[in-house]
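Engineer: Let me begin by handing over the structure; questions about it come next.
The values are calculated or read from the model by the stated rules, or taken from the named source; none is laboratory data. It should be emphasised that the depicted structure is a prediction, and the values quoted were computed from it without experimental measurement. Cβ placement follows ideal geometry from the backbone for every residue including glycine, while neighbour counts extend to all protein chains displayed. For the accessible areas, the whole protein counts, side chains as well, though only heavy atoms, and no ligand, DNA or RNA atoms are used. Shrake-Rupley method; radii C 1.70, N 1.55, O 1.52, S 1.80 Å.
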Amino acid sequence: MKFATRAIHAGQDADPATGATIVPIYQTATYTQEEIGEHQGYEYSRTGNPTRAALERCLASLEEGALGLAFASGSAATVAVLSVLKPGDHIVAMDDLYGGTYRLLSQVYAPLGIDVTYVDGRQVEAFSQAMRPETRLVWLETPTNPMLRLVDIAAVAEVARSQGALLAVDNTFATPYLQKPLILGADVVVHSTTKYLGGHSDVVGGATVTSDPELHRAMAFYQNAAGAVPGPFDAWLVMRGLKTLAVRMRQHEANTRHVAEYLAGHPRVRQVYYPGLDSHPQHELAQRQMEGFGGMVSFELPGGRAEANAFAMALRVFSLAESLGGVESLACYPPEMTHGSIPREERLARGITDGLMRLSVGIEDVEDLVEDLEQALAAAQR
Ligand code: P1T
């Protein structure tokens with residue numbers, strides 16, 4: 001079956017107990033056993049819950065992997081992958097990452113003796129040069145948060161495989177509708193389902209998908225042992241969001257192309273970062289690796305923080321808020337919001353300057369979005 005059909009049906013047969021067409025929210029912590037050890041596959045909801053299981057099957061199908069796991073947040077899903085490492089192991093990660101992932105690697109895992117080398121993800125050779133005999137994991141995001149840079153997943157998968165390391169790809173920005181890392185050679189995909197997969201900014205969640213049974217077993221062990229699982233209602237909200245992923249992504253994409261072109265033609269905007277623009281240095285890779293360019297765009301205002309703040313305060317349709325991927329448009333100031341945990345020098349080295357704004361372009365009428373940007377850019381110059 002095709003993607004849009006699987007998004008609505010995969011893992012979601014009619015409820016065996018009642019025939020309910022939509023997977024029920026099994027709001028239960030525990031399950032009654034017929035006799036000791038005699039049950040229907042569920043014992044306790046940290047370990048397994050039918051609503052969560054349906055979501056996990058649907059996510060696996062959309063990523064074209066065998067096995068999915070749902071978590072209480074994207075960060076918890078990230079930690080599930082990192083749980084397979086032990087002190088002395090080494091990670092090669094790209095240098096343009098979600099600030100919270102950078103914080104986990106540098107402030108939680110590095111002090112535990114898991115060394116991390118950060119590389120410019122645009123250069124495949126940078127990965128091969130950073131590999132060591134003890135490298136167990138290569139970690140990517142593409143497109144990146146917030147600079148919208150791309151990494152050649154297939155090329156880095158070759159490097160990781162030849163050195164015996166696992167490749168993890170955070171596919172939050174692209175979604176499986178636009179990019180399938182497992183098909184390109186990744187071992188595991190990670191998501192913040194808080195974003196496009198949930199799609200309505202009303203739930204925090206995360207997921208992993210892999211086709212490697214051993215890796216899945218290790219992450220499932222961690223999921224049960226650490227217990228950072230989504231509640232049944234949160235799992236249900238994400239599953240409901242997935243049903244419209246395909247149509248939402250098409251509209252996010254159409255609106256964002258329009259907004260990116262508008263920004264690129266605006267005299268006050270210094271730089272626009274969007275993989276769908278011809279001017280993006282990796283536009284060709286985006287065309288090859290993705291089936292569209294997504295709904296995120298970043299741009300730089302020459303007046304630094306003061307202009308960025310005046311712009312953000314003047315916005316009426318866009319909300320100044322962290323997060324992304326919901327139907328509503330959001331504007332974010334990465335230097336002090338999503339990427340505030342990265343020291344300023346490192347931020348600047350990654351291109352996250354004091355005038356950088358990031359937009360999550362929603363699916364409102366694009367004329368209203370452009371009008372809002374127009375008046376806010378004008379107001380910021382007064
Ligand atoms: O917030 P959480 O669900 O824990 O997901 C973390 C995360 C992981 N990976 C990527 C690429 C992300 O963008 C995020 C969360 N990002 C934001 C909150 C943000 O505004 O960028």
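Engineer: Let me confirm something: among Met337, Met357, which residue is closer than 30 Å to Ser106 by Cα, without any contact (Cβ under 8 Å) to a residue 40 or more places away in the chain, within 16 Å of the ligand (Cβ to nearest atom) and outside any helix (DSSP H, G or I)?
Structural biologist: Just a single option satisfies the conditions, and that option is Met337.
Engineer: Can you tell me which residue is surrounded by the fewest Cβ atoms within 10 Å (Cβ to Cβ) among those in region 109-133 that are in contact (Cβ under 8 Å) with a residue 24 or more places away in the chain and assigned to a helix (DSSP H, G or I)?
Structural biologist: So, considering only residues that are in contact (Cβ under 8 Å) with a residue 24 or more places away in the chain and assigned to a helix (DSSP H, G or I), the one surrounded by the fewest Cβ atoms within 10 Å (Cβ to Cβ) is Leu112.
Engineer: Filtering region 308-325 down to residues that are touching a residue at least 40 places away in the same chain (Cβ under 8 Å) and within 15 Å of Ile363 (Cβ to Cβ), which residue is farthest from the ligand (Cβ to nearest atom)?
Structural biologist: That would be Val317.
Engineer: Return the residues of region 349-367 that are open to solvent by 10 Å² or more (accessible area, probe 1.4 Å) and either among the polar types (S, T, N, Q) or modelled with pLDDT under 95 (or both); say none if nothing qualifies. Can you show your working first?
Structural biologist: Keep residues of region 349-367 that are open to solvent by 10 Å² or more (accessible area, probe 1.4 Å), which gives 349-351, 353-354, 363-367.
Across region 349-367, the qualifying residues are Ala349, Arg350, Gly351, Thr353.
Engineer: Which members of region 52-97 meet the condition of being outside any helix (DSSP H, G or I), away from the ligand (no atom under 15 Å from the Cβ) and aliphatic (A, V, I, L, M)?
Structural biologist: Hits for region 52-97 are Ala66, Leu67, Val84, Leu85, Ile91, Val92.
Engineer: What residue, of Leu263, Leu277, Leu245, Leu237, is within 24 Å of Glu364 (Cα to Cα), in contact (Cβ under 8 Å) with a residue 12 or more places away in the chain and within 14 Å of the ligand (Cβ to nearest atom)?
Structural biologist: Values: Leu263 fails: within 14 Å of the ligand (Cβ to nearest atom); Leu277 fails: within 14 Å of the ligand (Cβ to nearest atom); Leu245 fails: within 14 Å of the ligand (Cβ to nearest atom).
From the options Leu263, Leu277, Leu245, Leu237, the qualifying one is Leu237.
Residue-wise test of (1) open to solvent by 60 Å² or more (accessible area, probe 1.4 Å); (2) touching a Phe, Trp or Tyr at 6+ places or on another chain (Cβ under 8 Å); (3) within 23 Å of His9 (Cα to Cα).
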| residue | (1), (2), (3) |
| --- | --- |
| Ser211 | yes, no, yes |
| Arg217 | yes, no, no |
| Gln223 | no, yes, no |
| Pro232 | no, yes, yes |
| Met239 | no, no, yes |
| Glu253 | no, yes, no |
| His258 | yes, no, no |
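Engineer: Could I ask something else about it? On the basis of being open to solvent by 20 Å² or more (accessible area, probe 1.4 Å), within 20 Å of Gly48 (Cα to Cα) and either touching a strand residue (DSSP E or B) at 6+ places or on another chain (Cβ under 6 Å) or at pLDDT below 95 (or both), does Ala228 make the cut?
Structural biologist: So Ala228 passes the test.
Per-residue answers, yes or no, for (1) within 18 Å of Val238 (Cβ to Cβ); (2) in contact (Cβ under 8 Å) with a residue 40 or more places away in the chain:
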| site | (1), (2) |
| --- | --- |
| Ala14 | no, no |
| Val23 | yes, yes |
| Glu34 | no, no |
| Arg57 | yes, yes |
| Ala66 | no, yes |
| Ala70 | yes, yes |
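Engineer: Now for a separate question. May I ask you to list pairs of residues, at least six apart or on different chains, whose Cβ atoms are under 7 Å apart, with the first in region 72-86 being open to solvent by 30 Å² or more (accessible area, probe 1.4 Å) and at pLDDT 95 or above and the second being assigned to a helix (DSSP H, G or I) and near the ligand (Cβ under 8 Å from one of its atoms)?
Structural biologist: Filtered contacts from region 72-86: Ser75/Gly100.
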